[in-house]
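As structure tokens, the structure follows; a few thoughts come after it.
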Amino acid sequence: MTAANPETTTHLVPLLDRLTLEQKAALVQGADFWTTVPIPEIGLRAMTLSDGPAGVRGPRWDERDPSLNLPSGSALAASWDADLAYRFAAAAASEARRKGVDVVLGPTINLHRSPLGGRHFECFSEDPELTAELASAYVRGLQDNGVAATPKHYVANDSETDRFTVDIEVDDRALRELYLAPFERAVEAGAWSIMSAYNSVDGVTMTENALLETPLNSEWGFDGVVISDWTAVRSLDAVPAAQDLAMPGPAPAWADLVDAVRDGRVQESDLDRKVLRILLLAERVGALEGSPAIAPAAVDGPAFAREAAIEGSVLLQNTGILPLAAQALGQVAVIGQNARDARTQGGGSATVIPENVVSPLDAIRAALPHAEVRYELGAVVQEGVAEIPLAHIVNPATGEPGLRVRFLDADGQELFAEDRRATGLVWFGGDAPIAASRTIVLTTRYTPTESGEIQLGFAGANPGRLFVDGELVLEDSPVIEGTDLGAAFLNPPSLTVGVHVDAGRAIELRAEFTRAGAGALSGAFSATLGIAPERTDAGLLIARAVEAAASADVAIVVVGTNSKVESEGYDRVDLDLPGHQDDLVRAVAATGTPTIVVVNAGSPVVLPWAGGVGAILQGYFGGQEFGHAIADVLTGAAEPGGRLPTTWPAALADVPVTEVAPTDGRLAYSEGLHIGYRAWLRDAAEPAFAFGHGLGYTSWSWGSARRHEDAVEVVLTNSGERAGKQVVQVYAERSDSSVDRPVRWLVGFVVVRVEPGETVTATVPVPARRLAHWASDWVVEPGTYTFRIGPSVADLPLSIDWDTA
Ligand code: BGC
């Protein structure tokens, strides 16, 4: 049984009273993949929900309706800038409204418990305070602009292996002080909804878990809607739990809801409570007659995306090679697949389809107009098929660039057809009659630009056949590993065959996929028609890169992960760069040409050659303007704004928490409070780069710190010659504590931007709660804490005593 509704819904009771039991039961389940049920009789329209959170995809996964692709969560967190997070969310709100979206399914605020976590790129940080501060700014940025935020996934969905079933064992202190803390602050910021996770905590699946009521509702005063993760509602037991909206809908697990109320298995009052909250959400987003929808402020999307990517770029190392002396550069070697085919976002449900992506290669060329830029691939990063570029395909039905997609029923009758402009296609909602289709046929005319054998094929979760000029060349069924249908569907395996092609001679391609049409994802389908990387000799690619580097004044190598490495539904198995990228960097650096490495990954990767290169810039998944941001930072047009939101290890073996796979269905968070830098400090272990670390192009002198009421005032000077950004970080220590404590933990931070020679006073608020530990309640242990202040957890030049009295 759940507690009464908050007072904020009292005025909606008359509307509730006008609803039938059937209407109420319908309203607590989605109408389809992305929308809620409209009830025109009471002036309620459907609400549309959509992923992000790094931009907003909208209800259709469709290249004909593209989205602004902002940097991923880890990049946003690297800015350490709450104002930026607010503006980021405001940009998302403006995208949401443009796409008719009322509720954004984000931010993702699970923690970087382990760098192996598959959705690490999407989450903010290993630190609950940094995550909480940015999460609350994100929530306000969306909701001040009239769009609901949905912080997710409540709670302890910090890794992906067996995510539907894994049971997380976590002690109360770790739960409260680490994993729940960002959700608490997001609710404090006024979140209108929260997403419940797939996993269990202490034996109970989250859509039925008592944590939905306490602390979320009863302690924190949440008055919003708990939206289930997609298909996470398993049974009617989620009804008495504070699980409000089952998505997508209609939810099979609640098909029996009306009867269950009638025969007393479920209380109608539990249903009413949910309905009132859904009506309140509708009122808040302007979906209820008479409730005004706020028009979001206009945003220059690409300009903001560029700024956000700059602010999230972390200069890890610099021997003085950066910023580049652009005028003095004659020849520049740009090397790496990610330089040309940048990864601007991670995989899975967070995917948005950008209209345009700026690659580092193009942006560097544009930024260095006087230099001769030579590009070499160096190493293959891509795995499986990649889409065929639009410029090389013609839709036989229209004669325009693109392809024709036909949907056939069991008798081969065409139900629907559409003309698309991409060969990687996902239907997850939208107009096509997926559930009724048994065969889906893609046809296009492809004109290769080079002669030779290519690896042609498809990726999908369904059996497929590929015809070239009418002849069957490939027929196969993918082997789906694991039980995560979402993973299989959003990141399916590739099947290919070698096909000889001639440059300039068009070939007709037809791919046919058959589908059964049952199960939870019966309305969803994905398929990519594409080309896998050539089986090129790795040594040859490296030799060509070395040759280009040897004759250049500087070599810029862009290394990174690929779409298979960082995604949803599975975790990483190691932290290595895929393919032969490490050999490539070593070989380029060995030429003696000054070498800069740009890392294009959403999570830490191991950089075993770090000591041998001049500079390392971690650019994360920087969104659609990634290339411009990288070029701006390399040339010094912009200051690298980022600081690591997560400790960067030198080797996987050094990482304190690597257990992300359950044993017998259970995953024990046995490290308790000690994740991230807390664990590194406890073990006195040395990472490659510490939490909070990041260089700029100026120098700083840390003057003094003092307490002023509940804040620390820090005086610091930009002692260099360029304007700069600094993140003033305050950590607490309590060496004589009576309870288990981290060696030190982040209690506050603030960004300052300072002109050369200027001295500023940074004020960092530290409410008493930042010192508290959980012991059935929040307790501030009396006595003296040491506050240590500086630019990273490992570099703390200032300290003060802080008495609780
Ligand atoms: C993901 C959520 C996402 C939902 C809808 C789930 O598989 O875990 O983060 O919002 O799908 O796409």
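The values are calculated or read from the model by the stated rules, or taken from the named source; none is laboratory data. Quick caveat: nothing in here was measured; it's all calculated off a predicted structure. Cβ atoms come from the backbone with ideal geometry, glycine included; neighbour counts cover every protein chain shown. For the accessible areas, the whole protein counts, side chains as well, though only heavy atoms, and no ligand, DNA or RNA atoms are used. Shrake-Rupley method; radii C 1.70, N 1.55, O 1.52, S 1.80 Å.
Of all residues in the range 146-171, those satisfying the criterion of being over 20 Å from Phe222 (Cα atoms), more than 15 Å from the ligand (Cβ to nearest atom) and not acidic (Asp, Glu) are Ile168, Val170. Residues in the range 94-136 that are within 16 Å of the ligand (Cβ to nearest atom), open to solvent by less than 10 Å² (accessible area, probe 1.4 Å) and more than 14 Å from the chain's Cα centre (by Cα): Ala96, Val101, Asp102, Val103. Checked against (1) farther than 23 Å from Pro656 by Cα; (2) touching an Asp or Glu at 6+ places or on another chain (Cβ under 8 Å), Ile596 passes all but a single condition, namely (2).
Residues that are open to solvent by less than 20 Å² (accessible area, probe 1.4 Å) and among the hydroxyl-bearing types (Ser, Thr, Tyr) occur in the range 644-655; there is at least one. Comparison of Gly619, Gly611, Gly530 shows that the only residue that is more than 16 Å from the ligand (Cβ to nearest atom) and over 30 Å from Ala459 (Cα atoms) is Gly611.
Among residues of the range 558-577 that are in a strand (DSSP E or B), those with a Cβ under 9 angstrom from a residue that is among the aromatic types (Phe, Trp, Tyr), sequence gap 6+ or separate chain, pair up as Gly560/Phe621.
When Pro66 is tested against (1) modelled with pLDDT of 95 or more; (2) open to solvent by 10 Å² or more (accessible area, probe 1.4 Å); (3) within 14 Å of the ligand (Cβ to nearest atom), only condition (3) is not met.
The condition of being surrounded by 21 or more Cβ atoms within 10 Å (Cβ to Cβ), assigned to a loop (DSSP other than H, G, I, E, B) and either in contact with a strand residue (DSSP E or B) (Cβ under 8 Å, 6 or more places away or on another chain) or assigned by TED's automatic domain parsing to the domain that holds Gly106 (or both) holds for only one of Ala186, Ala191, that being Ala191. Among the numbered conditions (1) touching a residue at least 60 places away in the same chain (Cβ under 8 Å); (2) under 21 Å from the mean Cα position of the chain (by Cα); (3) surrounded by fewer than 24 Cβ atoms within 10 Å (Cβ to Cβ), the only one that Arg306 does not meet is (3). Scanning the range 137-161 for residues that are among the basic types (Lys, Arg) and open to solvent by 10 Å² or more (accessible area, probe 1.4 Å) yields one hit, Arg140.
The rows are residues; the columns are (1) open to solvent by 30 Å² or more (accessible area, probe 1.4 Å); (2) closer than 27 Å to Val764 by Cβ; (3) polar (S, T, N, Q); (4) over 24 Å from the mean Cα position of the chain (by Cα).
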{"position": "Thr658", "(1), (2), (3), (4)": "yes, no, yes, no"}
{"position": "Leu681", "(1), (2), (3), (4)": "yes, yes, no, yes"}
{"position": "Ser704", "(1), (2), (3), (4)": "yes, yes, yes, yes"}
{"position": "Arg707", "(1), (2), (3), (4)": "yes, yes, no, yes"}
{"position": "Val714", "(1), (2), (3), (4)": "no, yes, no, yes"}
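Would you mind finding the one in Gly286, Gly221, Gly249 that is under 22 Å from Val104 (Cα atoms) and within 16 Å of the ligand (Cβ to nearest atom)? Exactly one of Gly286, Gly221, Gly249 is under 22 Å from Val104 (Cα atoms) and within 16 Å of the ligand (Cβ to nearest atom), namely Gly249. Checked against the criterion of being open to solvent by 50 Å² or more (accessible area, probe 1.4 Å) and closer than 26 Å to Gln327 by Cα, the candidates Ala555, Ala590 yield just one match: Ala590.
When restricted to residues that are assigned to a loop (DSSP other than H, G, I, E, B) and surrounded by fewer than 15 Cβ atoms within 10 Å (Cβ to Cβ), the range 763-805 contains 10. Taking strands (runs of 3 or more DSSP E) as the structural unit, those lying wholly within the range 405-474 and holding at least 1 residues that are over 23 Å from Pro493 (Cβ atoms) correspond to 414-420, 439-446, 452-460. Of all residue pairs spaced 6 or more apart or on separate chains, those with beta-carbon atoms under 7 Å, a first member in the range 227-248 that is part of a loop (DSSP other than H, G, I, E, B) and a second member that is at pLDDT below 95 and more than 15 Å from the ligand (Cβ to nearest atom) are Pro240/Met1; Pro240/Thr2; Ala242/Thr2. Take the residues of the range 202-212 that are open to solvent by less than 10 Å² (accessible area, probe 1.4 Å) and within 16 Å of the ligand (Cβ to nearest atom): which is nearest to Thr161 (Cα to Cα)? By that ranking, first place goes to Met206.
Looking only at the range 788-805, how many residues end up being closer than 14 Å to Pro767 by Cα and out of contact with any Lys or Arg (no Cβ under 8 Å at 6 or more places or on another chain)? If you could, list the steps in order and put the result at the bottom.
Keep residues of the range 788-805 that are closer than 14 Å to Pro767 by Cα, which gives 802-805.
With the extra rule that they be out of contact with any Lys or Arg (no Cβ under 8 Å at 6 or more places or on another chain), the set shrinks to 803-805.
Here the count works out to 3.
Against the numbered list (1) of a type in the set (Gly, Ala, Ser); (2) in contact with a helix residue (DSSP H, G or I) (Cβ under 9 Å, 6 or more places away or on another chain); (3) closer than 30 Å to Val660 by Cβ, Ala527 comes up short only at (2). The residues on offer are Ile630, Ile675, and the sole one that is crowded, with 18+ Cβ neighbours inside 10 Å, in contact (Cβ under 8 Å) with a residue 40 or more places away in the chain and within 20 Å of Asp571 (Cβ to Cβ) is Ile675. Being surrounded by 15 or more Cβ atoms within 10 Å (Cβ to Cβ) and hydrophobic (A, V, I, L, M, F, W, C) is a condition met by no residue of the range 734-742.
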